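Enquirer: Please read through the structure below; I'll follow up with questions.
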Amino acid sequence: MYTIVRALMRPDVAPKLPPHTKETVLGRAEAASALGIAVLIVLVLGGIWGGLFTPNEAAGVGAACAMLIGALKGMRARQLFAAVVGAGATAAPIMFLLLTAAMYAKFLAAAGIADLLQRAFAGLDLGSAGIILAMVLVWLLLGMIIDSISIILLTVPIFAPVAEVMGFDPIAFGIFGILAVEAGLLTPPFGLLVYTVKGSIEDASATLAEIFKGSVPYWLLMLVVMMLIWAFPGIATWLPSVAH
């Protein structure tokens, strides 16, 4: 809603489409590509919701269908092999993080760290609001210096049991935490997402200060939505409850 209103009020800040885009061969190719991706999304998510396969099986089905779409678009064996290797190179570090995070969570449980932190929070007499604000502060600070997956793997095994004791719905807490982590990745002076944007744009005149300034409204909106989910967990739990 903010983006739409902003673009209507200041059309000059919205990107301009090149003229006659739909009439060009490139435009038709992009439309066909977008249609293939849309079909892939519907197939994977529809299969999960329809009970045709589990999420793990859906990952395999999605990968196979993506390769099929690539082949139909003209990818050859060498290109498909390069895509598979590239996907493996991306997934391997994440799988290693998940493996070590599982070990980390087991260690925390065996050592009683979660209980220790719960007692520590209770001893500080911060109350539910104080504990939640402390979590948000930690997420914002970590978001300045490390990536979101690492933050989640480091903090969720500690924070989730504390939130559960407080009566915070797990689904609502998950969405709440993701918003806090992503807001942290936009927090100056080290917001990693801002540096990612800076490295991905071709306009060398765009400065980090300008990108930080442009991200502030979205940072504030993330915090607003996060607080709304905290106050009204039904915002996050209504749709899953309907799906079940």
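Enquirer: The conditions are (1) modelled with pLDDT of 75 or more; (2) surrounded by 11 or more Cβ atoms within 10 Å (Cβ to Cβ); (3) over 26 Å from the mean Cα position of the chain (by Cα); (4) of a type outside the set (Val, Ile, Thr), and Ala32 fails exactly one of them. Which is it?
Expert: That leaves (1) as the condition not met.
Enquirer: Take the stretch 139-157 and flag every residue that is open to solvent by 50 Å² or more (accessible area, probe 1.4 Å) and more than 23 Å from Leu99 (Cα to Cα). Let's see the steps before the verdict.
Expert: Restricting attention to the stretch 139-157, the residues satisfying the condition of being open to solvent by 50 Å² or more (accessible area, probe 1.4 Å) are 141, 145, 147, 149, 152, 154, 156.
Residue satisfying the conditions is Leu141 alone.
Enquirer: Shifting gears a bit: Mind checking which pairs have a first residue in the stretch 55-75 that is in contact (Cβ under 8 Å) with a residue 12 or more places away in the chain and within 14 Å of Val44 (Cβ to Cβ) and a second that is assigned to a helix (DSSP H, G or I) and among the small types (Gly, Ala, Ser), Cβ under 7 Å, 6 or more apart or different chains?
Expert: Ala58/Gly47; Val61/Gly47; Ile69/Gly36
Enquirer: Condition first: closer than 22 Å to Phe96 by Cα, open to solvent by 60 Å² or more (accessible area, probe 1.4 Å) and either touching a strand residue (DSSP E or B) at 6+ places or on another chain (Cβ under 8 Å) or in a helix (DSSP H, G or I) (or both). Can you find one or more residues in the stretch 158-174 that meet it?
Expert: no
Enquirer: In addition: Looking at the stretch 160-189 only, could you name the residues that are touching a residue at least 60 places away in the same chain (Cβ under 8 Å) and among the β-branched types (Val, Ile, Thr)?
Expert: Passing the criteria: Ile171, Ile175.
Enquirer: Filter the stretch 208-240 for residues that are outside any helix (DSSP H, G or I) and either touching an Asp or Glu at 6+ places or on another chain (Cβ under 8 Å) or under 14 Å from Pro188 (Cβ atoms) (or both) and give the result. Steps first, please.
Expert: Initially, the stretch 208-240 is screened for residues outside any helix (DSSP H, G or I), giving 232-233.
Scanning the stretch 208-240 gives a single hit, Pro233.
Enquirer: Report the residue count in the stretch 88-123 for those that are modelled with pLDDT under 70 and exposed (fewer than 11 other Cβ atoms within 10 Å of the Cβ).
Expert: Qualifying residue count for the region: 1.
Enquirer: Tell me, which residue of the stretch 213-244 that is among the hydrophobic types (A, V, I, L, M, F, W, C) and over 19 Å from the mean Cα position of the chain (by Cα) is nearest to Leu141 (Cα to Cα)?
Expert: Ala231
Enquirer: Given the criterion within 30 Å of Leu228 (Cβ to Cβ), at pLDDT 85 or above and surrounded by fewer than 11 Cβ atoms within 10 Å (Cβ to Cβ), identify the matching residue among Val85, Val42.
Expert: Result of the check over Val85, Val42: Val42.
Enquirer: Being under 25 Å from Val5 (Cα atoms) and among the hydrophobic types (A, V, I, L, M, F, W, C) narrows it down to one residue among Val216, Val181; which is it?
Expert: Val216
The values are calculated or read from the model by the stated rules, or taken from the named source; none is laboratory data. Just so we're clear, the structure is a prediction, and the values are computed from it rather than from any experiment. Using ideal geometry, Cβ is built from the backbone for each residue, glycine included, and neighbour counts are taken over all protein chains shown. Areas reflect the complete protein model, heavy atoms only, side chains present, ligands, DNA and RNA absent. Shrake-Rupley method; radii C 1.70, N 1.55, O 1.52, S 1.80 Å.
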